[in-house]
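What follows is a set of notes on a single structure, which appears directly below.
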Amino acid sequence: MIRISPRSRMVTGCLAAALATAASLALPAQAAIARGDLEADVTAAAPDEESPAPTKGEQRLAKLLEGRVAGEPVRCINAFRYIRIQTIDRTAYVYGRGDTIWVQRTRHPEQIDSRDYLRTIRGDASRLCRDDQTVQVEPVSGILSGAVFFDDFVPYTLVKPEAEG
């Protein structure tokens, strides 16, 4: 006889309900597309629509990147003991200073909050990599406030003006 715990039954029931709901929502849309009532590809924007204004975070990042050129993205960067990290709310993390800085956009930039600090749970102490398990921690209480999923690090190098000769 197999025994299933009440918690397992609850989780299984919730998953089944979620799948049933998703399926019931998708069927009418698929039927409407098949009848020709809806167009299947509605991703193209109208040509006369303007793009939304850049957020404060995007404006701040653009100011940091002025005079810099993007390089080839990398999976890891050297994380010496006192690497400078700038957190730009709802946009990106910026590592380093000087001629080269690395911009780290996460998979969920809307969760980036400058009040939280990052803590790497797993990884090499001398390197910071895309696959490291990193979390956001609320500084006052020390409570975990979210997981961070990194993308590749993009280096931005300062372009030095050419000397006139």
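Return yes or no: is residue 83 within 13 Å of the chain's Cα centre (by Cα) and β-branched (Val, Ile, Thr)?
It is false that residue 83 is within 13 Å of the chain's Cα centre (by Cα) and β-branched (Val, Ile, Thr).
Taking segment 62-80 on its own, how many of its residues are over 18 Å from the mean Cα position of the chain (by Cα) and either within 14 Å of residue 132 (Cβ to Cβ) or among the β-branched types (Val, Ile, Thr) (or both)?
Within segment 62-80, residues that are over 18 Å from the mean Cα position of the chain (by Cα) and either within 14 Å of residue 132 (Cβ to Cβ) or among the β-branched types (Val, Ile, Thr) (or both) number 3.
Which one of these is without any contact (Cβ under 8 Å) to a residue 12 or more places away in the chain and either exposed (fewer than 14 other Cβ atoms within 10 Å of the Cβ) or part of a strand (DSSP E or B) (or both): 140, 135, 154?
140
For residues in segment 78-111 being out of contact with any helix residue (DSSP H, G or I) (no Cβ under 8 Å at 6 or more places or on another chain) and aliphatic (A, V, I, L, M), which is surrounded by the most Cβ atoms within 10 Å (Cβ to Cβ)?
Of everything passing the filter in segment 78-111, 79 is surrounded by the most Cβ atoms within 10 Å (Cβ to Cβ).
Of all residues in segment 100-128 being basic (Lys, Arg) and either under 30 Å from residue 160 (Cα atoms) or at pLDDT 90 or above (or both), which is nearest to the chain's Cα centre (by Cα)?
105
How many of the residues making up segment 60-87 are touching a Ser or Thr at 6+ places or on another chain (Cβ under 6 Å) and without any contact (Cβ under 8 Å) to a residue 40 or more places away in the chain?
So the count comes out to 1.
Quickly run through segment 114-165 and pick out the residues that are at positive phi and in contact with an Asp or Glu (Cβ under 9 Å, 6 or more places away or on another chain).
As a first pass, look at segment 114-165 and keep what is at positive phi: 123, 142, 146.
Within segment 114-165, 123, 146 qualify.
Does residue 70 satisfy the condition of being modelled with pLDDT of 90 or more, in contact with a Pro (Cβ under 7 Å, 6 or more places away or on another chain) and closer than 22 Å to residue 149 by Cβ?
On the way: modelled with pLDDT of 90 or more: yes; in contact with a Pro (Cβ under 7 Å, 6 or more places away or on another chain): no; closer than 22 Å to residue 149 by Cβ: yes.
When the stated conditions are applied, residue 70 does not pass them.
The values are calculated or read from the model by the stated rules, or taken from the named source; none is laboratory data. Everything quoted here is computed from the prediction, not taken from an experiment. FYI the Cβ positions are ideal-geometry reconstructions off the backbone, even for glycines, and counts take in every protein chain you see.
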